[in-house]
Each structure stands twice: as C-alpha cells, then as structure tokens.
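Just so it is clear, none of the values below were taken in a lab; they were calculated from the coordinates. Nothing here was measured: the structure is a model prediction, and the numbers come from that model. Every residue, glycine among them, receives a Cβ derived from its backbone with ideal geometry; neighbour counts consider all protein chains shown.
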Ligand SMILES: Nc1ncnc2c1ncn2[C@@H]1O[C@H](COP(=O)(O)OP(=O)(O)OP(=O)(O)O)[C@@H](O)[C@H]1O
Ligand SMILES: [Mg+2]
C-alpha cells in the first residue's frame, strides 16, 4: 500500500496489504457476523431443524447443538470468528443457550447497522447497548423464580426443556431422570451453597441397544479388562485398593550386570524376586482388599498370586479414572503397596466385568454415596450416540446451573418478551441518541420468540402481536409461545423452564461480541498467506488474536 506526495510513493504497510476502513469495514464485519447467525437460526427451539455437517475428512455429524455447529464451521472471516467465540464462551460457561446467544448477537448487529445508516456514531450505539444489557440483567433477576435442591420435579423439567430441542427427545424423560440423579449425586453443600462439579460425571458411549437403555451407574465404569483370566469376574461387597505404584520389581536405571556362577545362585535370585512380589501381594490381601486398581503395571507373577488369592486386579488405569474411583468409592489412592490399610479401602456392592458387543467394560456398581458417577450411553448408531452425548452435556449443565444458583426463568420467549417491554420503558428514561440504541436492543431480543415462532411454522407477526399484548397485562411475565398450538401460554405452568444463568450469559456474551465488532473501523490484512503483522498496543481494538487471516478477501 502506498501513499505518495509527488512521484515518490511512501510505503507504510507491506506491499500487497489490503485495507478496509470506516463504514466499509463495519459493513463487511456486520455482514459476515449476520450470515453466521442466520445459519444457526433455523435450529432454535423445540421445532428447530438439525444440521448435517461434513468435515474435510468426510466425517458426518447430525446435530442441533449451536456450539457444535459453530465448532465445525470452518469460518474464515475474523468478525464471523467472533461469533464462533460467542458460542464457545456460552458453551463453556453455562453449557446451553449457544444458538440463542449467536442469534441475539446477529440481531443486535443488524439493528446497529440500521442506526449506523442513520448516522448514529458507533460509540453511542455501544454505550446504549451496554446500558441496555445492564438493565436486562436487572430485569432477569426480578423475574427469576427461586427453586430448591430438593425440588426434583422442577429440576427434571429444566432438563426436559433443554433436551426437548435436541434429537434425542424420544428418550427425554429417561435422560432427564438420569441427569437429575447424577448431578444431585455429585453435588456438595459448601458454606450453605451447593456446588455441582459435573466433571465428576463420567460419560461412556457404547454402540448398541437403544437410547432408553442408557444407564446411570452409581460408581464407575472403566474401559479396561481384568488383568488376568485366572481372576474372578465378579466380586460382591468389593473392598477396593487404589494404588499409584508399580507392582513389579524395580528395574535399575542403568544397565546392571549380575554374575551368576552356579545354578544355585540363579535359583536364589529368582526366589528373592518371587518373595518380593509375594510380599507385595500379601500387603494387598492383608488389608482385606478383594479388588485392586493400579495406575501402573503389575508383574505377571504378582497377577498369578493375586488371582490365587481371589483378588480382581486391573492395571494401567488412567489417572483421571483413579481420581474418580477414589471419589466414587471413598477409597484413598495409596502411593505404595506398603501403605494400603483396611480403613482407607474403597467400597462398592459389586465389581464386575461386562461384555458389551466386542468390548469388555469394568463396572464398579452401587458404591455408598458416591461422589463420582458414570452414565453409559447406548444407541443404535454412532450419530445417535454422539448427539445424545451433546444433549446430555447441555442437560447436565442446565441442572447444575439451576442447583448452584437456585434460580430459574420461564422459557418459550417469555423472558425475552419481558425484557423487550422493560427495555422500551427504560429507553425513554435514557433519552438522547442512546435511547435509539436501547430501543434497538429491545427489538433485537424479540428476535428469540420471533424465531421460535417461525421455526414452529407459526405466523411470526400474529404471534408477536399477541405476545406483546399478553405482556401488557399484569402478572404476565411468564407468558410465552406454546409452539405446539401457536397460543400464548404461561410457560411456567407449561413446565418450559430454564436456568437463570443461561439467559444472563446470553445477554453478556452477545453484547460483548457485538460491541467488539462495532468498535472496529479498520481491517488490515496482509495478502499472500502471511500472518497478521504485530499490532501496536491498542492499535486495533478487539482484533487481537485474529492472526492468520492473510490472503482472504474481505
Ligand atoms: N416446549 C417449548 N415451548 C416453547 N419454547 C421452548 C420449548 N422448549 C424449549 N423452548 C425454547 O427453545 C429455546 C432453546 O432452543 P435451543 O435449545 O434449540 O437453543 P439454545 O439453547 O439457544 O442452543 P443450544 O441448545 O444449541 O446450545 C429456549 O428459548 C427455550 O425456552
Ligand atoms: Mg438448548
């Protein structure tokens, strides 16, 4: 790029660099982000459609999950990438509401474009959107409904609402029960507040049978076989030793040479090895353990002795499984065989090896009050199982959110309609040009009920008129769209409910991304596949981390 006075060009940026500035850059960015939002719109809600995605390797996935669609899209444009980030943030923070967040961001940008065309300055729009999002958070808090940890029925309805928009809705009741049971099982009360670490819920996928046969195991399921065929396949009332040490003779670090001069000495040497291994096995059996999970290897001779003593042993267990086994069975992980003590053994009703298809799995069942559990997903095809896993993830997240916060909101577009109403009233108080931005925000949130209606094949205009009218009446904050018959209904009574946290995060992530995109008025790219040149600090607000976009047409 060259700018020159007279005949001498002054080279400011590397040759071949393309640059978009001002309105043109904004328009391009908004357009790219809107296209992305448009692409996921049709999947929103219980009547939303699915997407079939084929990646560069030819792998096919069929999904309704916003986060997955965004992950699989190989997006090139930097502004569009920001919307992919929105979906990622939403998925990481709260696990659900990814489609909603992306649709809202697209809609906000679309409304912002209208304001830019009317010559409203981007900083005014950004400020207005910020104020609107703060107000939206307040309104959400006001309309939130408290729930308790004990209220299993409501927790199940939250899971069902999340699952209902996914492909697995044939088995949603069964899944919802498993979700609530498992999250409650791993929840702990700390300083009067519940904490549910859903990483303690292990998910195992096994091809075969049907979704209805998906099972919650109150304990652990490990993708390992019993270490020796001489060992029992089932142990009732298992006492479990968890060991993070080898049950082998320690090898020297350097090559060592032992000179043996007579057969006698050879025998002594072997006897000594055998004695050491026997001692190790005795340490295990003496504690009363009848099952041992070992993170490291176990010598064949030790396996033989363990088998003879009727102990079931599993070797080379992953460290994450060991930790979960410890949480599930209440056993301590021992650093050496000598440390194994009876009172620190884990307990479970039954440990058994189960053959599923061609694979063998090890089940540790019915541990007493386990703090880690396993869900074994079954399904007729891998596509079904994969989508079930994604849906399960959303379900586990929403129930966790509801348990941790103790607050929910109605779904079906009810909170969005309430937000639009509240924001319109608030806009008047804001006044000035920012008022326009707050009003635009109100319109943008209405895109959620509008899209829900559209996807259900309802007339969006009729529905929106009816929805707005319903929200003008007193005590109408739960009124939303019943997608099955196109009527406006109390969504709380219709048991369509979602955690408050999902809606809060939708507002947060959509507003942040929108404002970031609106702030950009200069897009510089180096052509020819090169990386973005290092930016001067603060030189390109919000463009950090967008490297590698060389050679793309903007
Ligand atoms: N039975 C129902 N009637 C009306 N609306 C519903 C019903 N069930 C769910 N919804 C609404 O559907 C929306 C959620 O749809 P969906 O799960 O497809 O998108 P998402 O949660 O934003 O994204 P994702 O699940 O892909 O992360 C919410 O607004 C929710 O209130
Ligand atoms: Mg969802």
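Results, tabulated for the structure shown:
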| item | result |
| --- | --- |
| Cα centroid separation, region 332-362 to region 41-75 (Å) | 39 Å |
| Label point at residue 521 placed 7 Å out along Cα→Cβ; residues across region 430-472 whose backbone nitrogen lies under 20 Å | 433-438 |
| Using alpha carbons only: equivalent-ellipsoid semi-axes of the chain, gyration tensor based, whole Å | 55, 33, 19 |
| Ranked 104, 115, criterion: other C-beta atoms within 10 Å, fewest first | 115, 104 |
| Rounded, prolate or oblate (a/c below 1.5 giving rounded, otherwise prolate when a/b exceeds b/c) for region 380-501 by Cα gyration tensor | prolate |
| Contact order relative to length of the chain, as percent, for alpha carbon pairs under 8 angstrom and 6 or more apart | 24 percent |
| Cut-off 17 Å, label 7 Å out along Cα→Cβ of residue 209, residues of region 389-412 by amide N | 389 |
| Cα-based shape type of region 1-153, given that a ≥ b ≥ c are square roots of the gyration tensor eigenvalues and the cut on a/c is 1.5 | oblate |
| Förster radius 30 Å - calculated FRET efficiency between residue 49 and residue 487, Cβ distance, rounded to 0.05 | 0.85 |
| Residues residue 18 and residue 148, FRET efficiency given R0 of 60 Å [Cβ-Cβ distance, rounded to 0.05] | 0.55 |
| Proxy reagent accessibility, fewest Cβ within 10 Å first, across 386, 300, 521, 343 | 343, 300, 521, 386 |
| Those residues of region 63-97 whose amide nitrogen sits under 13 Å from the label point placed on residue 318, 7 Å along Cα→Cβ | none |
| Fewest-first sequence of 145, 385 by Cβ atoms within 10 Å of each Cβ | 145, 385 |
| Cα centroid separation - region 238-316 against region 429-445, whole Å | 74 Å |
| Cα-based helix-to-principal-axis angle, 460-472 vs the chain, degrees rounded to 10 | 90 degrees |
| Cα-projected label distance for residue 338 with residue 188, points at 7 Å along beta-carbon direction, nm | 3.1 nm |
| Residue-span extension gain [residue 137 to residue 117] - 0.36 nm each, minus C-alpha spacing | 4.4 nm |
| For region 333-409: rounded, prolate or oblate by the Cα gyration tensor [a/c cutoff 1.5] | oblate |
| Spacing of the two label points (7 Å from each Cα toward its C-beta) at residue 360 and residue 272, in nm | 3.5 nm |
